[in-house]
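Novice: To start, I am sharing the structure in question, which I have written as structure tokens.
The values are calculated or read from the model by the stated rules, or taken from the named source; none is laboratory data. All values derive from a computational prediction rather than experimental measurement. Backbone-built Cβ (ideal geometry, glycine too); neighbour counts: all protein chains shown. The protein model used for the area step is the full one, side chains on, heavy atoms only, and it has no ligands, DNA or RNA in it. Shrake-Rupley method; radii C 1.70, N 1.55, O 1.52, S 1.80 Å.
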Amino acid sequence: MTIDDRSGIPAARRIVVKVGSSSISGDNAGQIQPLVDALAEAHGRGTQVILVSSGAIATGIPYLSLQERPTDLATQQAAAAVGQNVLINRYQDSLDRYGIVAGQVLLTAGDMETPTHRSNAKRAMERLLDLRILPVVNENDTVATHEIRFGDNDRLAALVALLVEADLLVLLSDVDALYTKPPQEPGAERIDRVAYDDELAGVEIGATGLSGVGTGGALTKVSAARQAAERGTAVVLTATSLVTEALRGDAVGTWFAPAPDGVPSVTGALSAITPGAAAS
């Protein structure tokens, strides 16, 4: 189904929610519980929910007795291996309150580029959703390389939304919406709605939301939102603290309207993926 505005969100058949590292790791690990509350509320009304979650490397850092995010690939892979295990357990512990089971799905850019792997990933997630399992998706940082990466999980989330033909993609960060300029600057105004063909002329998009544990910013989120909206998936960009309101269809964040004739296409969106640093 096509969602024309926020009022259609409660009736969405399938949604993808993406949350960043800084929102659910370190001092913000406690935000997992309210995030799960919001996901469970949507799940409870019959919506199929997929969570794309960063945070594996950031979660694993303390367990490796590191003081900051590692820069070398081998240590990033080690942190991801440990952190992914801890992260999925934190989600499951919180989901247990609602009797919901999480299913872990780890993907690489190569999985999306290869037709057979892409088909297998789609089939697996479709079956998980049919069984009322909540897939938790992340980049497989333990085996990914610097040369072939999604670059950040905003792009991964957009591709997952297109892969499963989701009605809605919700991109969560530390900032409540897209602004005409970085929100900390004087005169910045919240943008309520972006048309699918809006070039956002005059809007200053910087690295808003960039933190010491994540890699995304406003630019990557806008790029991912545009990828999804141009192919028919509605998008809401807002703060993790507002996820409950966003999934209820309240007037929060920035709404990216879907193209009326958009046709989901993962292969078409792949051209926008560029190699980058680890996203998890």
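Novice: Rounded to the nearest whole Å², what accessible area per residue is found for the chain with the 1.4 Å probe? Let's see the in-between values first.
Specialist: On the way: 11140 Å² over 280 residues.
Here the residues of the chain average 40 Å² of exposed surface.
Novice: Identify, among G46, L35, I57, the residue whose Cα sits farthest towards the positive end of the charge dipole of the stretch 1-63, taking +1 on the Cβ of Lys and Arg and -1 on the Cβ of Asp and Glu, with the dipole about the Cα centre.
Specialist: So the residue furthest toward the plus end is G46.
Novice: At a Cα cut-off below 17 Å, give the lysines reachable from K18, other chains included and same-chain residues fewer than 8 away excluded.
Specialist: Within the straight-line cut-off, K18 pairs with K221.
Novice: Follow-up question, since we're still on this one. Return the aspartates and glutamates within reach of K181: Cα separation strictly under 18 angstrom, same-chain partners fewer than 8 residues apart disregarded; answer none if there are no such residues.
Specialist: Counting by Cα, and skipping residues close in sequence, K181 has these aspartates and glutamates nearby: E189, D192, D198, E199, E204.
Novice: Compute the semi-axes of the equivalent ellipsoid of the chain, taking the square root of 5 times each eigenvalue of the Cα gyration tensor, and list them largest first in whole Å. Can you show the working numbers first?
Specialist: Details: eigenvalues 126, 94, 76 Å².
Working from the Cα gyration tensor, I get semi-axes of 25, 22, 19 Å.
Novice: With a cut-off of 8 Å between alpha carbons and a minimum separation of six or more residues, what is the relative contact order of the chain in percent? Mind dumping the intermediate values first?
Specialist: Details: 625 pairs, mean separation 73.1, N = 280.
Dividing the mean separation by the residue count of the chain yields 26 percent.
Novice: A further question follows. Give me the percent of the accessible area of the stretch 23-111 that comes from carbon and sulfur atoms, probe 1.4 Å, all protein chains in place. Kindly include the intermediate steps, with their values, before the conclusion.
Specialist: Numbers: 1760 of 3640 Å².
Taking all protein chains in place, the stretch 23-111 shows 48 percent carbon and sulfur surface.
Novice: How large is the charge dipole for the chain, taken about the Cα centre, if only the Cβ atoms of Lys, Arg (+1) and Asp, Glu (-1) carry charge, to the nearest 20 debye? Could you put the intermediate results ahead of the total?
Specialist: Numbers: 22 positive and 33 negative charges, 138 e Å.
So the dipole magnitude of the chain works out to roughly 660 debye.
Novice: Show me the ranking of peptides 175-181, 24-30 by mean Cβ neighbours inside 10 Å, starting with the highest. The partial results should precede the final answer.
Specialist: Details: 175-181: 19.7, 24-30: 17.1.
Packing order, densest peptide first, comes out as 175-181, 24-30.
Novice: 222 nm [θ] for the chain, helices only, -39500 (n - 2.57) per DSSP H run of 4+, per residue, to 500? Walk me through the numbers before you get to the answer.
Specialist: Working: 10 runs with 99 residues, N = 280.
Helices in the chain give a 222 nm mean residue ellipticity of -10500 deg cm²/dmol.
Novice: Mind putting a number on the dipole of the stretch 60-189 about its Cα centre? Charges go on the C-beta only, +1 for Lys and Arg and -1 for Asp and Glu, and I need it in Debye to the nearest 20.
Specialist: Details: 11 positive and 19 negative charges, 89 e Å.
Result for the stretch 60-189 is approximately 420 debye, rounded to the nearest 20.
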